[in-house]
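The block underneath contains the structure these notes are about, expressed in structure tokens.
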Amino acid sequence: MSQHLDLENTVVLAAVQALIGAVTPSMAAISVEVDAEAETAVLHVALQYADNTIASLLEEVADDINQYSDDAVAVSVTTWVGENWSADWPGRHHRMVFAAFSR
């Protein structure tokens with residue numbers, strides 16, 4: 001396996017661990033984008049509606065990802081608000097770690 005894929009897998013696993021119990025009803029989808037050369041990762045969070053109460057929660061999740069991945073990357077968080085995340089959300093092209101589908 002390549003070093004990039006190893007790092008990406010490490011960060012995705014850390015994100016899943018960090019998100020246990022942290023997903024809120026406003027979250028529609030979450031993905032991870034890793035830049036191995038820059039040693040950075042972006043946690044993309046799609047929200048179904050604006051939720052100003054989760055900023056500190058997402059900061060904690062980013063910190064937990066850093067901890068669980070032994071500080072392999074610097075994690076930042078971007079949020080997007082919209083109804084059609086599967087078509088319009090920029091994070092949809094990265095490694096998905098959570099997606100809520102309505103019935």
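The numbers here are math on the coordinates, done by the rules we state, and not lab data. What you see is a predicted model, and the numbers here were worked out from it, not measured in a lab. Glycine gets a Cβ as well: all are built from the backbone with ideal geometry, and neighbour counts include every protein chain shown.
Key figures for this structure:
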item	result
Long-range HN-HN contacts of Phe98 with modeled amide H, under 5 Å	Ile30
Exposed chymotrypsin sites (Phe, Trp or Tyr not before Pro) absent: longest stretch of the chain, with sites in DSSP loops and at most 13 other Cβ within 10 Å deemed exposed	50-100
Exposed GluC sites (Glu not before Pro) absent - longest run of the chain, DSSP non-H/G/I/E/B, at most 16 other C-beta within 10 Å	40-82
Separation in nanometres of the label points that stand 7 Å from Cα toward Cβ, at Asp88 and Ala22	2.6
Rounded tilt (10° steps) of 55-68 against the dominant C-alpha axis of the chain	30
Debye log10 I(q)/I(0) for the chain, one point scatterer per Cα, at q = 0.15, 0.21 Å⁻¹	-0.56, -1.05
Residue-by-residue Karplus 3J(HN,Hα) for segment 81-98, coefficients 6.51, -1.76, 1.60, Hz, glycine and proline x	10, x, 8, 10, 5, 5, 10, 10, 6, x, x, 5, 9, 10, 5, 6, 10, 7
Choice from Ala41, Ala50, Ala62 with maximal GNM fluctuation in the chain (Cα, 10 Å cutoff)	Ala50
Amide N proximity, segment 15-48 versus Phe101 label position 7 Å along Cα-to-Cβ, cut-off under 14 Å	29
Most mobile listed residue (Ser69, Ser56, Ser26) in the chain, GNM with C-alpha springs under 10 Å	Ser56
